[in-house]
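See below for the structure under consideration.
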Amino acid sequence: MTVVILILLSLTGAFFASAGSIGDWQKAKEASSLLREVEVAQIDFLANNPQRAVGTLTVAEVAGYLPGSPTALPTVEDLEGKTLTIDVSVSPPVCRTSGGDVYDPSGSSQDSLWDVGK
């Protein structure tokens with residue numbers, strides 16, 4: 001009986017330990033999805049304005065090409081809940097911290113976690 005209780009407690013502990021990782025993964029996938037939407041808007045804008053360089057794009061110009069034509073880009077939160085900005089002056093767009101650094105704690109720029117992926 002004690003062994004069964006010990007196994008159940010171990011399984012419960014493992015479940016709660018992995019629940020945090022699932023939440024982190026979900027935030028990463030949501031950020032990637034938003035970045036893909038912004039990338040499509042960026043590509044649409046550049047298709048209609050072929051003379052423009054990516055480095056000169058503004059948020060207002062790209063936001064107008066998002067579904068629903070919002071006036072601003074969607075917001076992304078990092079793992080600590082801080083708001084990140086989406087940089088549209090690079091292709092593909094990336095999330096940046098308030099200090100201007102690219103935010104991608106996954107360690108890979110092609111895994112579709114915190115980035116557009118391949």
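Model label points for residue 79 and residue 5, set 7 angstrom from Cα along the Cα-to-Cβ axis, are 3.6 nm apart.
Listed values for region 90-104 are Karplus-derived 3J(HN,Hα) couplings in whole Hz (6.51 cos²θ - 1.76 cosθ + 1.60, θ = phi - 60°), namely 10, 10, x, x, 10, 8, 10, 6, 5, x, x, 7, 5, 9, 7, and x replaces Gly and Pro.
Residues whose amide H lies under 5 Å from that of residue 94, counting only those 5 or more places away or on a different chain, are 87; hydrogens are built 1.01 Å from N in the peptide plane.
When the chain is treated as a GNM with alpha-carbon contacts under 10 Å, the residue of 63, 28, 47 showing the greatest mean-square fluctuation is 47.
Given +1 on the Cβ of Lys and Arg, -1 on the Cβ of Asp and Glu, and no further charges, what dipole in debye does the chain carry about its Cα centre, rounded to the nearest 20? Provide the component values of the computation, followed by the final result.
Numbers: 7 positive and 14 negative charges, 25 e Å.
Roughly 120 debye, rounded to the nearest 20.
Would you mind checking the tilt of helix 2-48 against the longest principal axis of the Cα atoms of the chain, expressed as 0 to 90 degrees and rounded to 10? The angle comes out near 10 degrees.
The calculated pair-distance distribution of the chain uses every alpha carbon pair, bins of 10 angstrom beginning at 0, and gives 13, 37, 25, 11, 8, 5, 2, 0 percent. Gaussian network model of the chain, Cα springs within a sub-10 Å range: biggest mean-square fluctuation belongs to which of 11, 57, 34? Of 11, 57, 34, the most mobile in the Gaussian network model is 11.
Any read-out appearing in this document is the output of simple, stated calculations on the displayed coordinates, not a laboratory observation. Predicted model, so just to flag it, every value in this text is computed and none were measured. FYI the Cβ positions are ideal-geometry reconstructions off the backbone, even for glycines, and counts take in every protein chain you see.
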